[in-house]
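> I have a structure I would like to understand better, so I am pasting it below and will then ask my questions one at a time.
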């Protein structure tokens with residue numbers, strides 16, 4: 001178990017960087033490509049553990065894939081073109097996106113397929129996905145209905161469903177959409193607003209999918225059984241990965257940063273809206289539209305002070321992966337910040353809300369945590385002059401990276417266990433820190 005020891009702050013910088021490709025879109029591109037007919041060329045795939053788990057899993061299902069220098073060549077065999085064999089076991093590692101979305105593509109499997117994952121993933125709720133997939137006709141076997149490991153058996157006689165997704169989970173919505181691809185007839189989904197990468201990707205491929213936008217919920221209709229051709233796709237930079245370096249830049253005194261070619265999908269910029277309300281003034285330049293998604297360069301400068309925020313609840317689902325690093329900014333704000341209805345944070349790789357509260361208290365920040373609400377009493381003069389130990393955090397990559405940013409901004413001596421954890425989502429994280437000037 002490798003430990004990272006940090007004893008000094010980072011120096012001011014003026015840099016231009018690129019972050020790893022968007023993980024959510026990367027996994028979707030591989031899974032959708034596996035259902036296409038022909039050879040897909042997918043560029044800028046990150047070599048993260050989650051992507052490697054996805055590729056290994058698809059190979060076990062008979063999909064030919066060659067992955068070299070962030071470019072993937074994937075041979076799709078068409079809808080339900082997996083080569084099902086007896087006793088297939090797929091290890092999803094730490095990737096909830098891969099595991100949940102793959103189940104949607106397995107609803108027509110001719111043999112049982114077992115899905116397993118690491119300890120963190122095995123604690124996460126899968127019933128939110130298996131319940132609607134049962135309605136299509138799939139069957140599941142598991143010791144605990146809510147968790148991995150579980151085995152799915154598909155059906156030749158799938159039936160379309162009407163599904164109401166109430167949690168704002170893009171993974172649940174996408175899993176049902178994927179099941180609908182292989183199901184004759186019209187599948188209808190009423191979904192609380194969440195990331196829409198799946199819908200945009202399928203519409204880019206001209207798959208018969210309709211979206212009716214509402215204020216809080218969208219209605220999605222997909223007609224299954226339509227084959228589609230292979231595609232070429234370049235993955236944009238990941239907003240969630242960019243967030244760590246945006247906050248790092250903001251918290252320093254005289255620094256500037258440009259992050260090139262980042263996905264600024266409207267369902268992914270809740271983080272930017274929140275921190276701009278706190279006084280951040282982050283800007284998008286060179287905007288462009290490609291594959292139905294919007295891309296831009298992100299420009300950010302250091303700020304002298306930050307305002308506290310009573311975070312609008314409607315922004316929660318669009319910033320759910322970035323709240324840990326937002327909390328760090330709130331810790332330096334001039335007043336009390338309030339965040340409410342964050343129960344989905346504890347459905348991630350770890351009980352993030354509880355762990356975030358614990359870490360903030362360790363660094364000297366007053367915090368009040370009540371159920372899924374948190375108050376953070378900011379201190380603009382916050383500095384650390386003691387030893388901080390970060391351990392037992394379920395190897396949650398975002399806990400690790402938030403701790404590193406706190407260490408190099410605020411000082412103190414930090415010992416952070418499980419330093420390999422960031423590789424599940426952002427393998428270039430440490431390399432980029434070196435590029436902008438930090439010497440480990």
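Rule-based calculations on the coordinates, nothing more; no lab input. All figures in this text were calculated on a predicted structure; none of them were measured in a lab. So basically every Cβ, Gly included, is an ideal-geometry build from the backbone, and we count neighbours across all protein chains shown.
> Tilt of helix 239-251 relative to the longest C-alpha principal axis of the chain, in degrees (0 to 90, nearest 10)?
The answer is roughly 0 degrees.
> Need one number: % antiparallel among DSSP beta bridges in the chain, to the nearest 5. Mind dumping the intermediate values first?
Values: 57 of 79 bridges.
In the chain, approximately 70 percent of DSSP beta bridges are antiparallel ones.
> Here's another thing I want to ask about it. Using only the alpha-carbon atoms of the range 23-234, report the extent along each of the three principal axes, biggest first, to the nearest angstrom.
Reported extents, whole Å, longest axis first: 41, 40, 31.
> Springs between alpha-carbon pairs under 10 angstrom, Gaussian network model over the chain: which of 272, 264, 384 fluctuates most?
So, out of 272, 264, 384, the one fluctuating most is 384.
> In 5 Å bins starting at zero, report the fraction of Cα pairs in the range 312-440 per bin as a rounded %.
2, 10, 21, 23, 21, 15, 7, 1
> At 222 nm, what helix-only mean residue ellipticity would the chain give, in deg cm²/dmol to the nearest 500, using -39500 (n - 2.57) for each DSSP H run of four or more? Show your work: numbers first, answer last.
Details: 13 runs with 130 residues, N = 440.
Helix-only estimate at 222 nm: -8500 deg cm²/dmol.
> Relative to the longest principal axis of the chain, what angle (0 to 90°, nearest 10) does the C-alpha long axis of helix 127-136 take?
20
> Over the range 23-234, calculate the relative contact order: mean separation of alpha carbon pairs under 8 Å at least 6 apart, over the residue count, as a percent. Please list the in-between numbers first.
Details: 477 pairs, mean separation 44.4, N = 212.
Dividing the mean separation by the residue count of the range 23-234 yields 21 percent.
> Among 263, 87, 232, which one shows the highest mean-square fluctuation when the chain is modelled as a Gaussian network with alpha-carbon springs under 10 Å?
Highest fluctuation among the options: 87.
> Next question, about the same structure. Rank these for me by crowding, 139, 195, 128, going from fewest to most other beta carbons within 10 Å. Could the numbers behind the result be given before it?
Numbers: 139 14, 195 24, 128 18.
Ascending Cβ contact count within 10 Å gives the list 139, 128, 195.
> Among DSSP beta bridges lying fully in the range 23-234, give the percent that are antiparallel, nearest 5.
Working: 31 of 43 bridges.
In the range 23-234, approximately 70 percent of DSSP beta bridges are antiparallel ones.
> Would you work out the relative contact order for the chain, in percent, from Cα pairs under 8 angstrom that are 6 or more residues apart? All intermediate terms of the calculation are to be shown ahead of the outcome.
Values: 1002 pairs, mean separation 81.8, N = 440.
The normalised contact order for the chain reaches 19 percent.
> Continuing with this model, one more query. If you line up the long axis of helix 96-105 against the longest principal axis of the chain, both from Cα atoms, how many degrees apart are they, to the nearest 10?
10
> Treating each Cα of the chain as an identical point scatterer and ignoring solvent, apply the Debye formula and state log10 I(q)/I(0) at q = 0.09, 0.10, 0.11 Å⁻¹.
The calculated log intensity ratios at q = 0.09, 0.10, 0.11 Å⁻¹ are -0.56, -0.69, -0.83.
> How much of the DSSP bridge set in the range 276-382 is antiparallel, in percent, rounded to the nearest 5?
Numbers: 15 of 16 bridges.
Around 95 percent of the beta bridges assigned by DSSP in the range 276-382 are antiparallel ones.
> Per residue, how big is the convex hull of the range 119-267 when only Cα atoms are used? Give it in Å³. Walk me through the numbers on the way to the answer.
Values: hull volume 22.6 nm³, N = 149.
Here the figure is 152 Å³ per residue.
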